[in-house]
Structures are given as C-alpha cells and as structure tokens.
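What follows is a set of notes on a single structure, which appears directly below.
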Amino acid sequence: MASKDFCRPDPDELLRRIQAQETGDRKGRLKIFLGYAPRVGKSKRMFDEGIRRLRRGQDVVVGAIQLKGAEHLQPMLREIEVMPPLIIAGRESIDVDAIIRRNPQVCLVDELARENPAGSRNRQRWQDVEQIRAAGITVVGAMNLQYVCEEQRSVERITGRRARNGVPAGFMHSADEMVIVDVPAEEVERSDLSASQLTELRELALLLAAQVVEEQLQRYMEAHGIKQSWSAQERILVCITPRSSARAMLDSASRATQRFHGQMLAVYVKQGELDRAADESLQQNLEYAGRLGAEIHVLEGSDSIARILQFAHEERITQLYIGHTQRKRWAFWTPGPVDRLIQAAEGIDVRLFPQTKAG
C-alpha cells in the first residue's frame with residue numbers, strides 16, 4: 001500500500017505554539033486601565049472592575065493603592081480586602097510573598113509605574129506584578145500613558161514634561177486587555193493641559209492600545225497554529241531592488257502609514273556582488289527609506305521571493321509594495337518573480353508600482 005504524505009509542522013513553529021499555549025495556561029492574566037492624562041479616573045475604573053468581579057463571586061484583594069488625592073475611593077475599599085503593604089525605609093511596597101500565599105483570583109494594583117524603595121524584592125512595581133502573575137493570579141492595574149518608557153519622548157514633546165519612572169512597552173504588550181479611560185478633554189478634572197494637548201495624548205494612548213490588540217492577536221494565532229498575516233495596524237513592507245527607483249513606493253507607503261498610524265518596513269534581499277552604479281542606487285533607496293522613518297532590513301537567501309514572503313509572514317505584514325518593469329510580449333506565458341510573489345502572498349495585499357531604471 002502506498003504511504004500517504006502528511007503535512008508536518010516545522011519543529012520551531014510547533015515549539016512556539018506549545019510554549020504560547022503553556023504560558024497562557026499557567027500565567028495570570030493582566031488587565032490595564034490606561035489614562036491618557038492624569039485625573040481621568042483610571043483608578044476608579046480599576047476599583048469598579050474589582051467590585052464587579054467581587055460581586056460575581058471572585059476572590060479579589062487590593063495589592064496596592066494610592067489614596068493621596070483620591071480620597072473618594074475610600075468607600076470602595078470597605079468591600080474589598082486590602083493586603084497590608086511592606087514598610088521599607090518609611091515607604092510602602094507591595095508584599096508579593098503575602099499575596100502569593102493568600103492566592104486570590106484577582107489582585108488590584110494601582111500606580112503600576114511606581115518605583116519601590118531600596119531593599120524591596122524588586123526595583124519596580126511592574127516587576128512585582130510579573131511575579132504575582134507568574135503565580136497564576138490575575139492582576140488588574142492602572143497607570144498613565146506618561147509612564148510608558150517608549151512613549152515618554154512623545155509625551156514630553158506634547159506637554160513639556162517627562163516622568164521620572166517608567167514601565168517598558170513590553171510589559172504593556174503582555175496585557176491580555178487594555179482599556180483606555182477615554183474621558184473627553186473638556187471633562188478632565190483640574191488639568192493644566194490644553195484641549196489640543198489632551199487630544200494628542202489620547203491619540204497616542206489609542207495607538208498603544210491598538211498595538212496591544214495586535215500582540216494579543218499574534219499570541220492567539222501562535223497558540224492555534226494560524227499563519228494568516230492579520231494585524232490590528234497597517235504594516236507595509238516596501239521591497240527594494242538595487243537597479244530600480246523606489247521613491248514612488250516609499251512616498252506612497254509613508255503617506256499610508258501616517259494616515260493609518262501604521263508602520264513602514266523596507267527590505268532588500270542580497271543578490272551577490274553589485275556593480276558600483278547598482279550599489280549606489282541601493283544605498284540611496286535605503287537611506288531615503290530611513291529618512292521617511294522606515295525600519296530597514298537586509299536579508300539573505302538564494303530565493304529572494306521565498307525569503308521576502310517568509311519575512312512578511314513573520315512580521316505580520318498587511319501590505320506588500322513591489323516594483324515591476326514592463327515584460328516583453330513573448331514572456332507573458334511564463335510566470336515571473338512578481339507573479340510568484342502575488343500567487344503566494346496569501347492574506348497580504350500586494351501593490352504593484354511601475355518601475356524605471358534608477359538614475
């Protein structure tokens with residue numbers, strides 16, 4: 001009897017799938033209420049969530065709360081058990097060991113960006129949260145956009161101020177859910193920021209939330225073996241060759257990424273030694289892509305089309321921009337590299353740009 005061929009998953013892909021599933025099974029979930037500016041009510045939203053969970057029968061405790069300036073939250077604490085903090089050098093720190101021993105289903109943690117006093121178990125509060133989650137406890141937390149490390153430069157540009165503490169974007173992206181506390185600018189209490197400043201901060205927060213959704217989607221796809229290039233944001237990949245002008249593609253991709261708050265990447269697959277003119281053209285294209293804010297990647301591979309497609313799927317590309325030259329009439333019966341790419345780019349939109357020789 002003839003044997004039947006079965007499609008075997010790539011070992012590395014299978015390992016990633018298993019690890020994604022195991023991590024999701026044993027780690028506590030993380031939900032973050034993110035304020036785009038101070039005093040938008042993020043802590044109140046967090047405690048509202050805790051009380052709703054408590055009334056649904058979940059075991060909820062408070063791991064950290066800052067009541068100074070938020071005395072209106074005091075009545076809510078009468079319903080939820082508050083874990084006593086550690087006092088180190090006169091300052092409060094989360095008692096991580098006590099929370100893990102108590103083993104609640106949910107722990108509320110305010111001020112995720114707080115720096116712990118010297119001598120604490122961890123330097124930063126978000127690191128405490130990671131250890132609590134590692135014990136299988138769900139954490140519901142709250143913080144402001146100004147404390148996300150990778151957003152601090154943009155926040156400083158808008159407000160003229162920079163936060164002293166910070167939480168890495170990687171921690172934010174690990175969240176299972178992020179809720180923007182989306183109060184209209186005119187309703188933000190006691191803010192010294194203008195309406196236009198608050199609007200810009202809100203847009204930054206919404207973009208960060210979209211990135212978190214994308215990470216959630218990617219984890220789901222890895223856990224379920226889905227290879228479709230879905231993304232919560234537009235991710236445009238411009239394919240650059242050394243002998244053609246790429247400026248029209250790069251200009252179009254730049255406009256699209258700005259319009260949709262997406263990301264632009266530029267890729268070149270090495271094709272052996274280049275003559276001087278081709279190398280100069282390639283460097284000019286790559287430098288121009290960099291000036292437009294593209295993330296530059298130089299790849300290696302004997303089959304440039306296969307390598308581009310592999311990279312596109314790994315990076316969750318949603319649109320591919322490629323150049324093509326007019327084919328000779330007699331060659332239309334045989335598929336060329338562009339035809340191969342279009343046929344194989346399942347789940348990715350492909351845009352073709354007529355190209356002329358560079359220079």
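A compact table of results
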{"item": "Of the trypsin sites (Lys or Arg not before Pro) in the range 94-169, those whose Cβ has at most 16 other Cβ within 10 Å and which sit in DSSP loop", "result": "R121, R123, R161, R162, R164"}
{"item": "For the range 17-223, convex hull of alpha carbons as volume per residue, Å³", "result": "128 Å³"}
{"item": "Estimated FRET transfer efficiency when R0 is 51 angstrom, pair R307-R157 (beta carbons, to 0.05)", "result": "0.85"}
{"item": "Per-residue ³J(HN,Hα) for the range 46-54, Karplus 6.51 cos²θ - 1.76 cosθ + 1.60, θ = phi - 60°, Hz, x for Gly and Pro", "result": "5, 6, 4, 4, x, 5, 4, 5, 4"}
{"item": "For a label point 7 Å along the Cα-to-beta-carbon line of R291, residues of the range 237-269 with backbone N under 14 Å", "result": "246-248, 250-251"}
{"item": "Average Cα contact separation per residue, the range 235-354, under 8 Å, 6 or more apart, as relative contact order %", "result": "32 percent"}
{"item": "Charge tally in the Cβ shell below 15 Å around V155, where Lys, Arg are +1 and Asp, Glu are -1, V155 excluded", "result": "0"}
{"item": "Partners for K27 among aspartates and glutamates (Cα-Cα distance below 18 Å; same-chain residues under 8 apart left out)", "result": "D59, D97, D128, E130, D176, E177, E215, E222"}
{"item": "Stretchable slack from S196 to R255, in nm (0.36 nm times residue separation minus alpha-carbon distance)", "result": "19.0 nm"}
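None of the figures in this text is laboratory data; all of them are computed from the coordinates on show. The model shown is predicted, which means the values in this text are computed figures rather than measured ones. A quick note on method: Cβ atoms are made from the backbone with ideal geometry, for glycine too, and the neighbour counts reach across all protein chains shown.
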